[in-house]
Each structure stands twice: as C-alpha cells, then as structure tokens.
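See structure below.
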Amino acid sequence: MADASIARASDQVASEGRRDRSSGQGSFARVAGYTISRAIALFITIVIGVYATILIANMGGYVDEIRSAQIEESVAIGVSQNPEYRSLTSAQRQELVAGIVEVERRRLGLDRPFMVRSFTYLTNALTLDLGRSEYISSDRGSRQVRQVILERLAPTLILFASANLILFFVAIFVGLFLSRRYGSWLDRFVIALAPTSAAPSWFFGIFLILIFAALLGVLPFGGMVATPPPPDRLDYALSVLRHLILPVSAIIIGAVFITIYSWRTFFLIYSSEDYVEMAKAKGLPSNTIERRYVLRPTLPTIITSFALLVIQLWTGGIVLETVFNWPGLGRLLFQAINLFDTPIIVASVVIFAYLLAVTVFLLDIVYALVDPRVKVDSGGAV
C-alpha cells in the first residue's frame, strides 16, 4: 500500500515536472516569436523609410540626370585636353566622348530606368554598400561611404550615450527627491524652469559656448579632441572628456527640467496609492518604500518616456553637432545636404533609422523585463 502511494506521488511529481518544462518551452517560444515579429516589423518600417529617402534625395531620378551630365562634361574636357586626341576630327572626338560616356553610365548603372535602379539603391543602402561619396572623405582620406559613416558613428554614440545616461539617473534621483519635498522652493523652482525645455539643446549650446569658451576661456569651442591630438592614450581620453562637457551639458539642460517635472509627477501619483500607505503603516523604511512601491511600478512609464526622449534627441543631433563642430553623424549629414552628396545622405538616414529601430526594439525588451505584469500571449503581443 505504501509502495503504491509512493509510486503515485512519484508519477505526479514527474508529470508536474514535464508540465513545467513544457510551459517553460512554450513561454520561450512565445517570447522568441514576439521578438522576431517585432524585429521584422521594425525592419519593414526601415525599408519603407529608406526607400522614401532614396526617392526624395534623388528627386525621382533628376539627380542621376545631373550625374550623367557631369560625366559627359568631365569626359569631354578630358578628351579635349588630351594631346593624343588633338588630331581627331570634331565628329571623331564626339564619337569618342559618346563611347566613353556610355561605358561610364553602364558602369554606374545609369543606363537603366530609375525605378529599377531605385531598388538596387535600396539594397545597397540597407547594407551601406553605396560606393564612393561625391565630395566628402574620411579623416584617413577614404571616400568609401561605409568607411565615412562608420568613422562618424563612434563620436555620435559617445556623445549621446554619455548625455542620456547622465540625464536618466539625474532625472530619477532628483525626481524622487522632489516627490518627498512637494511644494518646497526647489520643487517650485524646477516647475518654473520646465518650460525652458521647449527650446532645443543646440540653443543652450550657443550660450554655453559664449560663456565658457568665449568669455571665460575654460573650455574649448568645439571639436572632439585637441589639435594636434595628444599622443598618450590617457591624455587623449582626458581631452575627449574635456570636449564632451559643453555638448553633454547642452543636451542635459535642454531636457532635464521637463523630465524631472514629468517623472516627479509620476512618483507623486504612485506614492499616494493605498499599498504605499499600507507599507508606511507597517513601518517599512522610506528607502525601501521608494524602491519597491514607488520606483518599481513607475519604471515602465519612465522608460517609455525616456525612450521617446532619446528618439527626439537623435533627430535633434544634426544641428547640435554642427554647433559644437562635433565629428559625428549629425554634422556629416548637414555637410552632405549642403554639398548634395546623395550617397552620404542616404547612408546617414539609414544609420539613423537603424539607431531609432534599435531604441524601440530595446524599449520592448526592457519594458517586459521591468514590468512583471507584461505577458506575451500566443498571438505575439505584449
């Protein structure tokens, strides 16, 4: 009898273990399916945006016509200045020019209809295989678009990663601090400064340059490193940090007050919930109450608003990097627009599209991690 009971208990434990493993595998499959579906959706969005950029940047094929005319003009000038072709008649010279132009147009794919070329441009753009730029070159002298873009990507990531990390933690700690001191003079001061965040970060950057670079002379006007660059690695890093102070400060000043005001409001709302009052009645420490019962429930909302802020900062980086002469993607795109360097324009838009997509994708992942209430159903939705 006892042996039968033990056997039944053993079978029950084994059955529950199989169900747990099956449930775990099913949860992993749902999460993997949702992740893949989100990645595909974001990639389709990128493809549509990049293709629209190609159509706009090429003016529906008009830029390719300009390039064909430039090729014909440069070939004609080269033939006319070549002493080997001076003995040719005018008709022979025109025939030679036409043949060279045709070979060059075929090499560049300009002999095909623009709509056919546009899909080739799309494939090349998504892989940053856009050949050579029209005018802009990298610091090493290369005019390969991929080399130029990757060279400018690192400075942009350094600038915005530093500014966003500082902004995130400063806004959280100050917001929590103000939520404990609701109505104080500091709280009213931050509320009064919140509307200043309507101005873009480069606007504050101009004033920072005037004060700390022009008047006081304690910080550099712009750039990423001193000229000439320090040979020692430590001195080089310190020089980069010194050049980061003003642009990072401009980004933080342009967003910190409205961010603190917004998050402080979230903290106030959640701190008045019944479960918070219950925790206070139990005598829990204030730090524990803030961490478990105020900060944790607000994290999904805070992370969502912060991700939207990061996207806004990405799009505003063009003017900011130009103001500070920062050698990043924003300044590169500004230069390419002025020079109408179509390959660089398209490649810059592709990189920004990838950065925005990665931001949104990571937001979905982090959102599910910080909020245990978020579940992925069988349809792939959160």
### Query
What about residue 79, is it modelled with pLDDT under 80, surrounded by 17 or more Cβ atoms within 10 Å (Cβ to Cβ) and either farther than 30 Å from residue 43 by Cα or of a type in the set (Val, Ile, Thr) (or both)?
yes
### Task
Report those helices (runs of 4 or more DSSP H) wholly inside region 142-232 carrying at least 2 residues which are touching a helix residue (DSSP H, G or I) at 6+ places or on another chain (Cβ under 9 Å) and not hydrophobic (A, V, I, L, M, F, W, C).
145-180, 201-208
### Query
Looking at 91, 52, 69, which one is part of a helix (DSSP H, G or I), without any contact (Cβ under 8 Å) to a residue 12 or more places away in the chain and either among the hydroxyl-bearing types (Ser, Thr, Tyr) or under 15 Å from residue 342 (Cα atoms) (or both)?
52
### Task
Return yes or no: is residue 350 modelled with pLDDT of 80 or more, closer than 18 Å to residue 147 by Cα and either exposed (fewer than 13 other Cβ atoms within 10 Å of the Cβ) or of a type outside the set (Phe, Trp, Tyr) (or both)?
yes
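Table: residues versus (1) over 19 Å from the mean Cα position of the chain (by Cα); (2) surrounded by 20 or more Cβ atoms within 10 Å (Cβ to Cβ); (3) basic (Lys, Arg).
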{"position": "280", "(1), (2), (3)": "yes, no, yes"}
{"position": "301", "(1), (2), (3)": "yes, no, no"}
{"position": "309", "(1), (2), (3)": "no, no, no"}
{"position": "316", "(1), (2), (3)": "no, no, no"}
{"position": "319", "(1), (2), (3)": "no, no, no"}
{"position": "331", "(1), (2), (3)": "no, yes, yes"}
{"position": "354", "(1), (2), (3)": "no, no, no"}
{"position": "363", "(1), (2), (3)": "no, no, no"}
{"position": "366", "(1), (2), (3)": "no, no, no"}
### Message
Among the residues that make up region 35-58, is at least one of them modelled with pLDDT of 80 or more, surrounded by 14 or more Cβ atoms within 10 Å (Cβ to Cβ) and more than 30 Å from residue 362 (Cβ to Cβ)?
### Response
no
### Query
Which of the residues spanning region 335-361 are closer than 17 Å to residue 251 by Cβ and either in contact with a Ser or Thr (Cβ under 6 Å, 6 or more places away or on another chain) or polar (S, T, N, Q) (or both)?
359
### Message
Out of the residues in region 190-219 meeting the condition of being surrounded by 15 or more Cβ atoms within 10 Å (Cβ to Cβ), within 24 Å of the chain's Cα centre (by Cα) and under 16 Å from residue 322 (Cβ atoms), tell me which one is modelled with the lowest pLDDT.
### Response
200
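The values are calculated or read from the model by the stated rules, or taken from the named source; none is laboratory data. Remember, predicted model here, so these are calculated numbers, not experimental data. No Cβ is skipped: glycine too gets one built from the backbone with ideal geometry, and neighbour counts run over all protein chains shown.
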